[in-house]
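> Quick one: structure below, then a few questions.
The values are calculated or read from the model by the stated rules, or taken from the named source; none is laboratory data. In this text, all values refer to a predicted model and were calculated from it rather than measured experimentally. Quick reminder, even Gly has a Cβ in these numbers, built from the backbone with ideal geometry, and neighbours come from all protein chains shown. Each accessible area value is taken on the protein alone, full model and side chains, heavy atoms only, with ligands, DNA and RNA left out. Shrake-Rupley method; radii C 1.70, N 1.55, O 1.52, S 1.80 Å.
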Amino acid sequence: MQIAVFSARAYDRRFLSEVAEHEGHGLTFLEPRLDRHTVTLADGYEGVCIFVNDTADAEILATLASGGTRLLLLRSTGFNHVDLQAAEQHGLTVARVPAYSPYAVAEHTVALMLAVERRLHRAYNRVREGNFALEGLLGFDLRNKRIGIIGTGQIGQIVARIMRGFGCSLRAYDPYPNDTVRDYGVRYVDLDTMFRDCDVITLHCPLTPDTHHIIDAEAIAKMKPGVMIVNTSRGALVDTPAVIEGLKSGQIGNVALDVYEEEGDLFFEDLSDRVIQDDVFSRLLTFPNVFITAHQAFFTEEALQNIAETTLVNASAFAAGERSGNELTHELVSGDARGGSDDQDA
Ligand code: NAD
């Protein structure tokens, strides 16, 4: 199958090309994001492969379908950027990568927690400049701290296991509690209890209408003063202006983010010689107790290899008139409040 790969970076070329040769697909790598201006580049390609900040709304899906596209391949687990109902209307099959390395994301989550609370970002720069003073770098022990995990699917479960190793006390909220997670010593609680009791709150649920801005001003007001908020899931789970207010008042003590609601205009690009136009994001960058990475939690060798393999196996199954089991349908997803993930295994 001929596949147009949008938002293609050097690492996508490397991992996808190796697998494509084996699976017998022809890939055309396109650097731009899929949007209204670039969608015609996909004309004539039966398969189109996209990443998290590409746009796949009703208008774009209609254009893709009229240009001959039959298959939309997501190089991601999350699919909140795809209008599945419109895809179905236009006869497009959508397939994702349900699990590539939940360890990559879980380990990055813990790296962010440690980095922000031990002020590693400040320490790194200070030492390089010959400043060996410790003022401003005071952290806290994670041991005995209470960690609240929102969403105990594949990634949340691994975060729970790792944090248990740190000697933390674990709480979780998930509309679908899971006995395996209970075996890790996690106690399921409601959100208000979690907000009241936890020192760290880490987000591992999908972005759905239910979870949009799950961390907003009201939620922040219920939290323990000095709470740490960690988001490696999806930017719009968090109301960023409310977080900024919480940081200014001291209600929030630490914030660690790998995702941002408006990241589509920023992340995955080198903008170092440009003026950032997003004032909310720029304000976030000014806080000493905020640590941000640019959607890199997934970015490990193992994860990229798995993404490439699953993506192109999805294409092979489609080409053979079969199902890989990774297809998304509007019905399946709307009937599944877990965000369409039936498979809870890593
Ligand atoms: P998963 O489907 O295995 O788990 C999601 C869990 O969230 C499920 O247990 C589900 O029951 C729960 N959930 C659903 N609605 C909820 C709600 N309202 N409140 C609390 N929990 C709810 O998904 P996963 O593989 O663990 O991934 C979690 C999220 O991580 C994905 O949705 C994706 O957005 C994000 N992610 C980020 C990166 C990154 O690079 N930063 C990479 C992969 C995934």
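> Considering only DSSP beta bridges whose two residues both sit in the chain, what percent are antiparallel, to the nearest 5? Display every interim value, and only then the final one.
Values: 2 of 42 bridges.
Antiparallel bridges make up about 5 percent of those DSSP assigns within the chain.
> Provide the per-residue ³J(HN,Hα) series for segment 191-207, in order, calculated from phi with Karplus coefficients 6.51, -1.76, 1.60 and θ = phi - 60°, each as a whole number of Hz, with x at glycine and proline positions.
4, 4, 5, 4, 4, 5, 9, 8, 8, 10, 10, 10, 9, 9, 9, x, 8
> Nearest 10 degrees is fine. How inclined is helix 301-319 to the longest principal axis of the chain, computing both from alpha carbons?
The angle comes out at about 30 degrees.
> Tell me, what is the 1.4 Å probe accessible area of R187, in Å² to the nearest 10?
Surface open to solvent at R187 totals about 130 Å².
> Where is the GNM fluctuation largest for the chain (alpha-carbon springs, 10 angstrom cutoff): Y176, Y188, Y260?
Highest fluctuation of the listed residues: Y176.
> Now for a different question. Step through the residues of segment 102-117 one at a time and calculate ³J(HN,Hα) from phi using the Karplus curve (6.51 cos²θ - 1.76 cosθ + 1.60, θ = phi - 60°), rounding each to whole Hz and writing x for Gly and Pro.
Here the 3J(HN,Hα) series is x, 5, 4, 6, 5, 5, 5, 4, 5, 4, 5, 4, 5, 4, 6, 7 Hz.
> Measure off 7 Å from each Cα along the Cα-to-Cβ vector at R274 and A221, then give the distance between these two points in nanometres to one decimal.
Placing both labels 7 Å along Cα→Cβ, they lie 3.8 nm apart.
> When the accessible area of segment 102-292 is computed with all protein chains present and a 1.4 Å probe, what percentage of it is carbon and sulfur?
Values: 4560 of 9110 Å².
Here it works out to 50 percent.
> Here's something else I'd like to know. State, to one decimal in nm, how far the label point of N131 lies from the label point of H213, with both points 7 Å from Cα in the Cβ direction.
3.7
> Net charge around L203, counting only other residues with Cβ within less than 11 Å of its Cβ (Lys, Arg = +1; Asp, Glu = -1)? Show your work: numbers first, answer last.
Numbers: positive: R234; negative: D258.
Surrounding charge for L203 is 0.
> Sticking with this one: Among 118-124, 297-303, what's the highest-first ranking by average C-beta atoms within 10 angstrom per residue? Walk me through the numbers on the way to the answer.
Details: 118-124: 15.4, 297-303: 17.0.
Per-residue mean Cβ counts within 10 Å order the peptides as 297-303, 118-124.
> Show that you can apply the helix-only estimate: for the chain, add -39,500 (n - 2.57) for every DSSP H stretch of four or more residues, divide by all residues, and state [θ] at 222 nm to the nearest 500.
Numbers: 13 runs with 124 residues, N = 346.
For the chain, the value works out to -10500 deg cm²/dmol.
> Can you find, among T208, A256, P225, the residue farthest towards the positive end of the dipole of the chain? Put +1 on the C-beta of Lys and Arg, -1 on that of Asp and Glu.
Farthest along the dipole direction, towards plus: P225.
> I'd like to check one number: the per residue accessible area of the chain, probe 1.4 Å, reported in Å² as a whole number.
On the way: 15880 Å² over 346 residues.
Heavy-atom SASA per residue in the chain reads 46 Å².
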